[in-house]
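In what follows, a single structure is set out as structure tokens and then discussed.
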Amino acid sequence: MTTTSTRTVVTAAARGRRRSRAAAPPARPGLKRKTLRETLAGYAFLLPWLVGFLGLTVGPMAYSLYLSFTSYNLFTDPRWIGLGNYVRMFTDDPQFVQSATITLVYVIVGTPVKLAAALAVAMLLNYRDGGATFFRSAFYAPSLIGASVSVAIVWRAMFNTDGPVDTTLSLFGIELGGWVGNVDLVVPMMILLAVWQFGGTMVIFLAGLKQVPKELYEAAEVDGAGPFRRFRAVTVPMLSPVIFFNLLLELIGAFQVFASAYIISNGSGGPAGMTNFITLYLYKRGFSDGQFGYAAAIAWIVLVAVGVLAFVLFRTQRSWVHYAGEDR
Amino acid sequence: MFRTTRPALPAALLTIGALALTGCSGSSAPGETYDPDEEVTLTFAFWGNEVRAGLYEQAFEAFNEEYPRITVQNSFLDFPAFWEKRQTEAAGGGLPDVMQFDYSYLRQYAESGLLLDLAPYLGGVIDDEPFSDEILEIGEVADGNFAIATSTNAFGLYTNPALLEAVGVEEFAGGTWDDYDDWMEEVSDAASAQGVELWGGVDWTGRIQNFELQMRAGGEDLFTEDGEPNFTQDDLEAFWEQGDSIREDGTAAGSQKVEEAYPLSVFDSALTASELNWDNFGTGYLGNLGDSYTELGLVAPPLDVEGAQDLFLKPAMLHAIAATTDHPEAAATLVDFLVNSPEVGAVFGTNRGLPASETQLEGAALEGLDAQIRDYEESIADRLGDAPPVPIVGYGTLEEKFRQLGLELGFGTITPGEAASQFFSEMDIVLNQ
């Protein structure tokens with residue numbers, strides 16, 4: 001009995017479905033045609049980018065990866081040497097080790113200092129509205145011209161022996177001599193140049209600071225929090241997504257320092273290899289020495305290093321980045 | 001006319017080969033002369049500075065008076081950037097039609113088939129009579145003749161008489177490398193005593209040419225005909241150790257000064273009283289030193305082995321034509337004008353070195369420093385030996401590595417032993433890549 005009833009119900013339901021199918025307009029084939037047209041149109045619009053992406057990015061990257069396993073001087077066909085370039089880099093090339101080391105110092109020291117400078121000035125500009133537009137422009141300007149040849153030339157002149165920096169420090173009894181040709185001072189000089197170009201980072205910080213609700217500061221003040229406590233308990237957590245964003249961009253950017261090092265050292269990477277940052281080094285290996293396979297291998301190591309660093313940052317952000325609306 | 005010193009068969013084969021490569025239509029067979037009615041645009045690249053660019057402009061004006069239908073589009077860069085650009089152009093098959101060329105890159109480009117073989121044009125479009133056989137042989141590499149020397153130069157010791165007079169020290173009278181060190185010390189001490197920022201010279205062990213001079217004084221070139229080094233790591237370490245004393249006692253200008261002056265030299269910057277370099281650098285020195293300096297001293301480099309033939313005449317620069325040029329006859333015509341024309345000789349003087357062509361040398365009417373350079377090259381005739389083999393592929397890389405290691409020795413960031421080890425590692429890569 002029970003069985004019969006169940007079958008009856010099922011059969012009725014099935015009939016109902018059949019009816020509804022028969023009654024409905026033939027929507028599916030039409031929809032299919034439309035979807036196909038839309039898909040084709042989508043791919044047609046996408047095609048220029050896709051061709052560019054495959055031809056100008058993926059293709060060259062794949063070829064570069066292949067070249068990194070070869071000895072290649074542009075003039076003769078690449079010769080497969082397996083991991084030879086990678087082994088040489090870490091076992092038989094003190095210049096690479098030096099280059100990687102100074103690049104890491106530049107990234108690890110320069111990036112936090114630059115972020116701190118940018119945040120400090122952003123807070124200052126956020127605090128005072130008078131003349132804010134002028135000061136924002138003034139602080140942002142070095143970022144616009146920072147990578148230019150002229151600025152690097154000026155920087156070199158400023159920090160040379162008897163240049164304005166040397167002369168000014170001498171007035172205070174600090175006799176450092178020139179920085180440009182000084183093995184100990186040239187990296188700090190390069191970091192200063194990078195820090196001086198904090199304008200872009202500062203503008204992003206400023207935008208982030210404008211988003212922090214004033215009520216939070218007022219509430220903290222009512223609770224007796226001083227300026228430092230308000231900074232630590234309100235500003236930093238609320239700004240943490242922006243700090244994370246800037247930190248990521250600056251780290252990646254710092255790895256790519258090239259133009260200023262090239263100009264300041266006249267392409268030599270001196271003194272004693274201290275401005276031979278990794279991108280300058282791989283450029284010289286390729287275009288000056290004709291060792292394009294080796295240069296490609298260095299480029300891939302840089303890519304992996306930046307990738308690992310970005311991955312670590314993304315993994316650690318859960319512990320210190322606070323996104324509004326998230327319940328952690 | 002082809003030179004009779006060349007076997008007829010190879011010349012014929014070269015001509016046939018070149019015909020097959022470039023003259024498929026049969027309308028532009030190599031060795032033919034340029035049709036003066038043909039409108040042609042040639043690209044020309046050289047390394048140098050504004051001064052040399054001005055001289056080339058004058059040379060092209062003279063060329064256009066004779067060949068008004070050939071337009072020359074020229075460009076220039078400094079030496080390192082010049083070769084970086086040529087590397088990428090070579091890879092893309094877009095080398096300029098005509099190039100100022102350097103001896104150290106000749107083998108690499110010629111062996112890679114990037115340069116036009118000039119053999120079919122020599123004796124025809126390019127007059128080879130004004131050149132000695134030795135000069136013509138300079139361009140012979142990879143079974144062809146791929147470049148022709150504009151000029152020659154020799155290594156010499158430049159001094160600055162005005163600075164020496166200011167500190168009261170006589171010119172270097174010649175002698176051994178130790179004598180030179182002593183003289184430099186005398187200059188540096190005299191300047192220091194007077195509170196003048198001046199040194200006798202730089203640490204000469206930072207130049208591969210000085211190592212080469214000492215090698216040749218011992219009867220060996222740096223590299224064999226097969227491109228193998230004629231020196232050991234110990235030889236190189238011992239060479240660099242010779243500079244220990246002048247680096248440490250302040251006789252030589254320090255590496256920091258050298259870095260700060262770069263790309264000019266400390267001699268250009270009036271910080272040293274002497275510099276060992278190729279003799280055609282004289283006009284550049286005077287230009288960089290400024291109007292207050294009007295003369296230079298030029299004497300032979302130090303020598304430890306009596307009667308040795310350590311010096312040699314090198315092509316200061318050459319001219320070469322790209323194998324891919326669409327106008328080989330017009331390009332060869334331009335090269336002929338640039339290497340043989342008396343007008344070009346008069347324009348350049350010794351800016352590109354002492355003209356290699358007799359006709360151009362006669363047209364140069366050398367005076368002042370130019371005449372001094374000519375006289376210098378005549379004065380060292382007894383010390384001139386055969387030129388070394390055409391530099392190995394990658395010689396430019398080794399030369400720069402040598403310079404940088406020399407600077408590091410001056411900074412004290414490396415020892416002579418470590419420097420020699422690094423140089424040999426680099427040489428191993430260069431020779432075996």
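The values are calculated or read from the model by the stated rules, or taken from the named source; none is laboratory data. Keep in mind that what you see is a predicted model, and the values were worked out from it rather than measured. A quick note on method: Cβ atoms are made from the backbone with ideal geometry, for glycine too, and the neighbour counts reach across all protein chains shown. These accessible areas exclude ligands, DNA and RNA; they are computed on the full protein's heavy atoms, side chains included. Shrake-Rupley method; radii C 1.70, N 1.55, O 1.52, S 1.80 Å.
Observations on the structure shown:
- Relative contact order of region B:81-203: 15 percent, from C-alpha pairs under 8 Å at least 6 residues apart in sequence.
- For region A:190-291, applying the loop criterion from DSSP together with a ceiling of 10 other beta carbons within 10 Å to the chymotrypsin sites (Phe, Trp or Tyr not before Pro) yields no site.
- DSSP-defined beta bridges in the protein assembly as shown - what % are antiparallel, rounded to 5: 60 percent
- Antiparallel content of DSSP bridges confined to chain B, in %, to 5: 60 percent
- Straight-distance crosslink candidates among lysines, where the alpha carbon sits under 24 Å from A:LYS210 and sequence neighbours closer than 8 are dropped: A:LYS114
- Accessible area of B:GLU50 (1.4 Å probe, protein heavy atoms only, ligands and nucleic acids ignored): about 140 Å².
- Crossing angle, helix A:292-320 versus chain A [Cα axis fit, 0-90 degrees, rounded to tens]: 70 degrees
- Residues in region A:249-273 occluded by at least 40 Å² - accessible area, probe radius 1.4 Å, against chain by itself: A:ASN266, A:SER268, A:ALA272
- The protein assembly as shown shape via C-alpha gyration tensor axes, a/c threshold 1.5: oblate
- The string of couplings for region B:261-273 from the Karplus curve (6.51, -1.76, 1.60, θ = phi - 60°) is 7, 4, x, 6, 9, 5, 5, 4, 8, 6, 9, 10, 8 Hz, one whole number per residue in order, with x for Gly and Pro.
- Value of [θ]222 nm, deg cm²/dmol, for chain A, DSSP H segments ≥ 4, -39500 (n - 2.57) each, nearest 500: -22500 deg cm²/dmol
- Global form of chain A, assessed from the alpha-carbon gyration tensor, a/c cut-off 1.5: oblate
- Taking every C-alpha pair closer than 8 Å and separated by at least 6 residues, the mean separation divided by the residue count of chain B gives a relative contact order of 24 percent.
- Positive-end extreme of charge dipole, the protein assembly as shown - chosen from B:GLY412, A:PRO48, B:SER132 (charges on Cβ): A:PRO48
- Heavy-atom accessible surface of region B:332-433: percent carbon and sulfur, 1.4 Å: 47 percent
- Largest mean-square fluctuation among A:LYS34, A:LYS284, A:LYS214, in a Gaussian network model of chain A whose springs join Cα atoms under 10 Å apart, belongs to A:LYS34.
- Environment charge at B:LEU369 (Cβ cut-off 12 Å; Lys +1, Arg +1, Asp -1, Glu -1): -4
- Heavy-atom surface analysis with a 1.4 Å probe gives region B:83-192 a carbon and sulfur content of 42 percent of its accessible area.
- Amide H contacts for B:THR150 (H built 1.01 Å from N in the peptide plane; partners 5 or more residues away or on another chain; cut-off under 5 Å): B:MET317, B:LEU318, B:HIS319.
- Of the DSSP H helices in chain B, those whose Cα atoms cover at least 15 Å axially and whose Kyte score averages 1.6 or more: B:8-22
- Computed over neighbours whose Cβ is under 15 Å from that of B:LEU264, the net charge equals -3, Lys and Arg +1, Asp and Glu -1.
- Of B:PHE60, B:SER425, B:ILE148, farthest towards positive along the dipole that unit charges on Lys, Arg, Asp, Glu beta carbons give chain B: B:PHE60
- Local charge for A:THR201 was computed over the other residues whose Cβ lies under 9 Å away, with Lys and Arg +1 and Asp and Glu -1, and equals 0.
- Note on chain B: with a GNM built from Cα contacts shorter than 10 Å, the maximum mean-square fluctuation among B:PRO263, B:PRO355, B:PRO68 falls on B:PRO263.
- Solvent-accessible area assigned to carbon and sulfur over chain A amounts to 69 percent, based on a 1.4 Å probe.
- Amide H contacts of B:GLY297 (H built 1.01 Å from N, in plane; Pro and chain starts excluded): B:THR159, B:ASN160 sit under 5 Å, all sequence-distant by 5 or more or on other chains.
- Shielded by partner chains, region B:73-122 residues - at least 50 Å² of accessible area, 1.4 Å probe, vs chain alone: B:GLU84, B:GLN87
- Choice from A:ARG285, A:ARG318, A:ARG136 with maximal GNM fluctuation in chain A (Cα, 10 Å cutoff): A:ARG318
- Karplus 3J(HN,Hα) series, Hz, for region B:295-304 with 6.51 cos²θ - 1.76 cosθ + 1.60 (x for Gly, Pro): 9, 10, x, 9, 10, 5, x, x, 8, 9
- At the residue level, B:GLU248 shows approximately 150 square angstrom of accessible surface with a 1.4 angstrom probe and all protein chains present.
- Overall dimensions of region B:381-432, expressed as equivalent-ellipsoid semi-axes from the Cα gyration tensor (√(5λ), whole Å, largest first), are 25, 17, 9.
- Distant-in-sequence amide H partners of B:LEU42 (H built 1.01 Å from N, under 5 Å): B:THR71, B:VAL72, B:GLN73
- Note, ³J(HN,Hα) from phi for region A:163-170, Karplus 6.51, -1.76, 1.60, rounded to Hz, x at Gly and Pro: x, x, 5, 4, 5, 5, 5, 4
- A/B buried area, accessible surface, summed, 1.4 Å probe, Å²: 2600 Å²
- Eligible lysines near B:LYS401 by straight Cα distance, threshold 30 Å, same-chain separation 8 or greater: A:LYS284, B:LYS85, B:LYS257, B:LYS314
- Cα gyration tensor shape for chain B, rounded if a/c is under 1.5, else prolate or oblate: prolate
- Surface accessible to a 1.4 Å probe, per residue, for the residues of the protein assembly as shown, Å²: 48 Å²
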